[in-house]
Amino acid sequence: MKYIKFDTIDSTNDFLKSYSKTNRIDNFFYVYADYQNKGRGQHSNTWQSDCCKNLLLSIFFKPDWDLSQQQRLNQAVALSIVKVLQKFNICDVKIKLPNDIMSGNKKLGGILIENVIYKKQWKRSIIGIGLNVNQDNFVNLPQAVSMKNLTGVEYDREKLIKLLIDEFKKQIRRNPQSIKKEFDSLLNQ
């Protein structure tokens, strides 16, 4: 898999969105960083992360689906994250709409998908994933938690990226109805 790694960047999503306009890249090309100055979440929220501690990742995906299946992409991404977390024995992992990954009532990660649609055709998607991996403390974020907080183990972020992308490749090949059914079963009600 091809990728670009940055020590510091404004936003992996912003970079990949711009990069994909001027470069021919393949599905699953990704960008990740040790630190983001302007990490973003849904609705202009910021994503805060200590340097070299968490997963700050954006993945390029060019679907061959019609526009009616945008929800399918969100579901496949969320399920990919949940399944990888379960491999590391992270307990009580749930999905909180619209884009949060939770462990119990604590936020473990988030998803920001930006779709490029032109003349009613789905051209490409930039899938941003922020996952709290090895950060110990979250200043002024009492609802945040990391994988390390939950297990006491420090994780290899590059290994997590590879596992996430491999799982995402599996999820997008699944039947849309089975993805939706499993996604719905993991919703944090």
- prompt: Magnitude of the Cβ-charge dipole of the chain, K/R +1 and D/E -1, about the Cα centre, nearest 20 debye?
  reply: 720
- request: Take the cross-link list Lys38/Lys170; Lys21/Lys120; Lys94/Lys181; Lys87/Lys123; Lys53/Lys83; Lys94/Lys162 and give me the ones stretching past 23 Å between alpha-carbons.
  value: Lys38/Lys170; Lys87/Lys123
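Please list the three semi-axes, largest first and in whole Å, of the ellipsoid equivalent to the range 3-185, using sqrt of 5 times the eigenvalues of its alpha carbon gyration tensor.
Working: eigenvalues 121, 80, 41 Å².
Each semi-axis is √(5λ); the values are 25, 20, 14 Å.
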Residue among Lys53, Lys62, Lys120 with the largest mean-square fluctuation in a Gaussian network model of the chain, springs linking Cα atoms under 10 Å: Lys120
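Full-extension gain between Ile25 and Glu182, please, as 0.36 nm times their residue separation minus the C-alpha to C-alpha distance. Present the calculation step by step, with values, prior to reporting the outcome.
On the way: separation 157, 0.36 × 157 = 56.52 nm, distance 3.08 nm.
That pair, Ile25 and Glu182, stretches by 53.4 nm at full extension.
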- line: With Cα springs under 10 Å, the Gaussian network model of the chain assigns the largest mean-square fluctuation among Ile179, Ile59, Ile81 to Ile179
message: Please list, by residue number, everything in the range 161-189 whose backbone N is under 17 Å from a paramagnetic label point 7 Å out along Cα→Cβ of Asp92.
response: 186-189
query: Reachable aspartates and glutamates from Lys148, Cα under 19 Å, same-chain residues fewer than 8 places away excluded?
result: Asp34, Asp50, Asp92, Asp100, Asp136, Asp156, Glu158
message: If packing is taken as the average count of other Cβ atoms within 10 Å, what order do 124-132, 109-117, 152-160 fall into, highest mean first?
response: 124-132, 109-117, 152-160
field: Positive dipole terminus of the chain, leading residue within Phe28, Leu131, Asn54 (C-beta point charges)
entry: Phe28
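Quick one: if you take sqrt(5λ) for each eigenvalue of the C-alpha gyration tensor of the range 76-170, what semi-axes come out, biggest first, whole angstrom? Walk me through the intermediate numbers first.
Working: eigenvalues 131, 48, 27 Å².
Over the Cα atoms of the range 76-170, the semi-axes work out to 26, 15, 12 Å.
Can you sort Thr22, Thr8, Thr151 by how many other beta carbons sit within 10 Å, fewest first?
Numbers: Thr22 7, Thr8 10, Thr151 13.
Fewest to most other Cβ atoms nearby, the residues stand as Thr22, Thr8, Thr151.
Taken together, the values in this text are just the output of simple stated rules run on the coordinates, not laboratory data. For clarity, every value in this text was computed on a predicted model and none was experimentally measured. Don't worry about glycine lacking a Cβ; one is built from the backbone with ideal geometry, like all the others, and counts go over all protein chains shown.
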